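Take a look at the structure set out below.
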Amino acid sequence: MLRNSRDNLFSLGSFFPKRKSKDELVLLRFILKRFGYRPRNLFFFIQAITHKSLSNNVESESSNERMEFLGDSILDAVVAEYVYHRFPNDDEGYLTKIKSKLVSRKTLSMVAEEMELREIIRYQKGRTINLNTLEGNAFEAIMGAIYLDGGYEAVKSSINQHVFKNYVDLNRILEEEIDFKSKLFIWSQKKQFKLDFVVLSEENNGGNWLYTVQTTVNGVNYGRGTGSSKKMAEQAASKETLELIGEL
């Protein structure tokens, strides 16, 4: 783990020697392994992993807040482009929803935790700090560092070819977050089809309800779903319908 002290070789105001220190090699290898990017100027990446709790106590240090701002904007653009090409037949509202989920604080914190970013973040130990927030912010800052070091295409390659493939379960995010019923309604409206939800059964076993719902499209039965509420049963039925019509 990187040292967090005044005599740390990661002083941002110093020039790095030609031969990299042990800590510099740890950081370089981490970025290469986790992000699929080989840093050229480690200065950017040292700043990206430096939390303000450390920079406030060491005059020569700069925190990652400005780089986090930059990385947030670059990440937003890269993910928007990814979603645009990944879902060519969906409308703006659907694309916006997917993008929001992919760049949400929850998703970024999960990705950062999976990467074990806290192992390299530089912060003042002994203070009460939310490490999940720290990791999510550092992830965005590293995106900013990659952009400054290698440009937009380098960030795009890192996200599309490495981060998404190794640390993001897109199918799980879609299943958890997307409103299948709304998607089915949008599809039926575009096709000018009549969509209905029919409650087939309502069962109460010891206070626990179980609903079974059937979808019909132009009077033809399609997906069927069950759930502890009508809403959950309709979502399950909508998902099965979307699978049956080839929209999922």
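Readers should treat all values here as calculations from the given coordinates under stated rules, not as data from a laboratory. Please read all numbers here as calculations on a predicted model, not as lab measurements. Glycine also receives a Cβ, built like all others from the backbone with ideal geometry; neighbour counts cover every protein chain displayed.
Fewest neighbouring Cβ atoms within 10 Å first, the residues Arg172, Arg86 line up as Arg172, Arg86. The mean sequence distance of close C-alpha pairs (under 8 Å, at least 6 residues apart), as a share of the length of region 180-244, puts its relative contact order at 29 percent. Filter the cross-link list Lys156/Lys181; Lys99/Lys181; Lys99/Lys183; Lys52/Lys165; Lys106/Lys230 down to pairs whose alpha-carbon distance in this structure exceeds 24 Å. Result: Lys156/Lys181; Lys52/Lys165; Lys106/Lys230 exceed 24 Å. With R₀ set to 45 Å, the beta-carbon distance separating Arg172 from Arg19 gives a calculated FRET efficiency near 0.55. For region 22-177, the average shadow cast by the Cα convex hull is 9.4 nm², which is a quarter of the hull's surface. For Lys231 and Ile186, the difference between the fully extended length at 0.36 nm per residue and the C-alpha to C-alpha distance is 14.5 nm. May I ask which residue of Gly93, Leu75, Ala48 lies farthest towards the positive end of the charge dipole of region 22-177, with charges of +1 (Lys, Arg) and -1 (Asp, Glu) on Cβ and the Cα centre as origin? In region 22-177, that residue is Ala48. For region 189-248, the set of GluC sites (Glu not before Pro) satisfying both a DSSP loop assignment and a count of at most 16 other C-beta atoms within 10 Å is given as Glu247.
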